[in-house]
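Reviewing the structure listed below.
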Amino acid sequence: MAETTGPAADVLPGSDMNAPLLEVEDLRVEFAVRGRRIPAVRGVNFALEQGKTLAVVGESGSGKSVTSQAIMGILDSPPGFVTGGEVRLRGVDLLQQDEETRRTVRGNHIAIVFQDALSALNPVWSVGFQLGELYRVHRGAGRRAAEQKAIELLDQVGIPDAKNRVGHYPHQFSGGMRQRVMIAMALALDPEVLIADEPTTALDVTVQAQIMRLLRRIQDERNMGLILITHDLGVVADVADDVAVMYAGQIVERANIHDVFARPAHPYTKALLRAIPRVDAVGRELEVIPGLPPNPAALPSGCPFHPRCRAADPERCGDEEPPDRQAAEGHLARCHFAEEVYRDER
Amino acid sequence: MTELTAPAAGADAPQASLWKDAFRAMARRPDVLFASLIMLFVFTMAAFPGLFTDKDPTRCIGREARGRPETWFRGEHPLGTDAFGCDFAATIVHGTRPTITLALSVIVLSVLIGMTLGILAGYFGGWIDAVISRALDVFIVIPLMMGAILLLSLFRGRGSSGNLLETVAPAAIALTLFGWMEFCRYARAATIETKNLDYVTAARCLGAKDRRIMFRHVLPNAVVPITAIVPTSLGSVIVVEAALAVLGIGVQPPATSWGVLLSNGTQWAGGGYIYLFGIPLGLLILTVFSFATFGDALRDALDPKLR
């Protein structure tokens, strides 16, 4: 049952090691719902370099998870369709590959960690069996060797007493431990890119911090590219290198993490940062962004954020969709007034 | 890392699996134990008829026909002789094997066919699902009896060579053809339920092929509900076999099955030879009852919602 043939699968045919690790260009995804095409991702651009962490931040429904599913090629289709753009891994456009090639890319080159680790592990097989299966199937390892690798991996992700835990079933692990097992599975085949889709949302706060530290440590050790999808700005602050803020299927701001926290160039990001509860603001009401996230089936005209925007120009923002503007070196924002917002003048 | 783990989770915890739990739950119920004993008895009788009788069921002496047993369970003919003068106990014991073989082969074939089709339909959906589901509807609409009667009349009158396989094959084919649907529906439902679970997506994200996903992730989930209906279905196959035998189209003489005995016994039941009818009937009812009880208990034990 050689599902991947030997080491050849480790190098994607046609790939160029000098090209950026992962580039997403003008990615578009639509969902066909009751005969209508509803855009979920509307032209997303970003690049991920080896050893870097990109945080993709956004509200529910902003297109974060759909973007990651499109990159993995696991979009449920129908109803979801990738309608345009490119996803290049070391220069190879994955969207042009056949299903067989895409399958070998999954796990070997790009892996993903899901939010809910309990449902992402098969309850009927032991953790060690599920981990070992990857080696048996993809690497042709024997039963013994596979179990040994499974123990090593569990040890690497910080599961104490890995030797005894390897035979346990998923329900015998706590939430944080399960997420570690998930991370171990994603790491098993040495992917170059790891996508973590809200890896800590289902966990309690102390465990969240441990998992984030683990992800950062592993990324450091293996020099991977990490895409961290989250709706929690606080989580990404000390892990990510770059941030992409998503709103209504677009990346509205993309920059270095320190830059975004210090000087956001998009009013949405600014509002998000203001909405983070602060310890020094005890007794004051929490800031909120008025209104609701837009319905992707009926997006507002012009800038999709303008009905909720404090800085909107009622005429310009309602009519004209803003382009990506460079507020500073390497700091892009999709706003007519990016420069003014960046300088805090608006 | 300084997390604490439960220290006791070492020795016995990993062994607690669904099947072990189910077994333990069932072993505690007296009705299940009783049913299991009957099943064991019946299966042993089918496997080793020599343990229960030393008579040859085909050695029949016309003079001794319809000899009532003078002393029950003892003597030359413990259960008397039948209408042809054969030892009745031997006939019953040797009739068990065709009955059980038929029931088992029908169920094994039905489960294989039903599960394969059900998993394919549920997993791939689309036109594959449409074709399989419509075929299933067609077979469900045809009443089992009518379908079996039509099909078996094709084989009728061919007699039987006494070879077990040949004796059972026509009835097995007919009953399988109209028996796979229930398993198919269960497998399809379980597959649809499973295929969108996160762990299937996760497996796909790690580069698993469709075939692997079906065997490793979908199949184990379909096995549980199907196992639960297998014993009950075994019972119903035995009943249907008897019905076919009464109509004269089941297992063909000279081979015997419980159904054939029952059918022969009806002719003499009114004439004071009630045991020729009553003993096979009692055995049949007892067996079907034990299969049903076992199946019920198994379903309860395997269904986590009922625990």
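When you look at B:ARG156, is it farther than 18 Å from B:LEU112 by Cα, surrounded by fewer than 17 Cβ atoms within 10 Å (Cβ to Cβ) and modelled with pLDDT under 85, yes or no?
Spelling it out, B:ARG156 is indeed farther than 18 Å from B:LEU112 by Cα, surrounded by fewer than 17 Cβ atoms within 10 Å (Cβ to Cβ) and modelled with pLDDT under 85.
So that you can scan it fast, the table gives a plain yes or no per residue for (1) away from chain B (no Cβ under 13 Å); (2) modelled with pLDDT of 85 or more; (3) out of contact with any strand residue (DSSP E or B) (no Cβ under 7 Å at 6 or more places or on another chain); (4) closer than 28 Å to A:VAL207 by Cα:
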| residue | (1), (2), (3), (4) |
| --- | --- |
| A:THR53 | yes, yes, no, yes |
| A:GLY61 | yes, no, yes, yes |
| A:VAL66 | yes, yes, no, yes |
| A:PRO78 | no, no, no, no |
| A:VAL82 | yes, no, no, no |
| A:GLY91 | yes, no, yes, no |
| A:ALA111 | no, yes, no, yes |
| A:LEU118 | no, no, yes, yes |
| A:LEU121 | no, no, yes, yes |
Would you confirm whether any residue within the range B:186-206 is of a type in the set (Phe, Trp, Tyr), part of a helix (DSSP H, G or I) and buried (at least 18 other Cβ atoms within 10 Å of the Cβ)? yes
Pairs where the first residue, in the range B:295-307, is in a helix (DSSP H, G or I) and the second is modelled with pLDDT under 75 and surrounded by fewer than 18 Cβ atoms within 10 Å (Cβ to Cβ), C-beta under 6 Å, 6+ apart: B:ASP300/B:LEU306
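Select, from A:LEU89, A:LEU75, the only residue that is over 24 Å from A:ASP190 (Cβ atoms), out of contact with any Asp or Glu (no Cβ under 7 Å at 6 or more places or on another chain) and touching a residue at least 40 places away in the same chain (Cβ under 8 Å).
Being over 24 Å from A:ASP190 (Cβ atoms), out of contact with any Asp or Glu (no Cβ under 7 Å at 6 or more places or on another chain) and touching a residue at least 40 places away in the same chain (Cβ under 8 Å) holds for just one of A:LEU89, A:LEU75, which is A:LEU75.
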Restricting the range A:190-218 to residues that are more than 18 Å from A:ALA111 (Cβ to Cβ) and in contact (Cβ under 8 Å) with a residue 24 or more places away in the chain, the one surrounded by the fewest Cβ atoms within 10 Å (Cβ to Cβ) turns out to be A:ASP204
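Can you find even one residue in the range B:163-185 that is modelled with pLDDT under 80, more than 29 Å from B:ALA301 (Cα to Cα), touching a helix residue (DSSP H, G or I) at 6+ places or on another chain (Cβ under 8 Å) and surrounded by fewer than 20 Cβ atoms within 10 Å (Cβ to Cβ)? Walk me through how you get there before you give the answer.
Within the range B:163-185, the first condition is being modelled with pLDDT under 80, and the residues that meet it are B:163-168.
With the extra rule that they be more than 29 Å from B:ALA301 (Cα to Cα), the set shrinks to B:163-168.
Subset that is touching a helix residue (DSSP H, G or I) at 6+ places or on another chain (Cβ under 8 Å): B:164, B:167-168.
From what is left, the residues that are surrounded by fewer than 20 Cβ atoms within 10 Å (Cβ to Cβ) are B:164.
Yes, the range B:163-185 contains a residue that is modelled with pLDDT under 80, more than 29 Å from B:ALA301 (Cα to Cα), touching a helix residue (DSSP H, G or I) at 6+ places or on another chain (Cβ under 8 Å) and surrounded by fewer than 20 Cβ atoms within 10 Å (Cβ to Cβ).
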Restricting to the range A:236-265, name every residue that is over 18 Å from A:ALA338 (Cβ atoms) and either without any contact (Cβ under 8 Å) to a residue 40 or more places away in the chain or touching a Pro at 6+ places or on another chain (Cβ under 8 Å) (or both). A:ALA237, A:ASP238, A:GLY249
Of the criteria (1) over 30 Å from A:GLU321 (Cβ atoms); (2) not assigned by TED's automatic domain parsing to the domain that holds A:GLU152, which one A:GLU221 fails: (2)
Look at the range A:224-259 and say how many of its residues are under 12 Å from A:LYS64 (Cα atoms) and assigned to a helix (DSSP H, G or I). 0
Those residues of the range A:190-210 which are within 12 Å of chain B (Cβ to nearest Cβ), in a loop (DSSP other than H, G, I, E, B) and within 17 Å of A:LEU121 (Cα to Cα), in sequence order: A:ALA202
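Looking at the range B:186-207, which of its residues are more than 7 Å from chain A (Cβ to nearest Cβ) and farther than 12 Å from B:ILE119 by Cα?
The answer is B:ASN196, B:VAL200, B:ALA203.
The values are calculated or read from the model by the stated rules, or taken from the named source; none is laboratory data. No experiment lies behind these values; they were computed from the predicted model shown. Ideal geometry is used to build each Cβ from the backbone, glycine not excepted, and the neighbour counts take in all protein chains shown.
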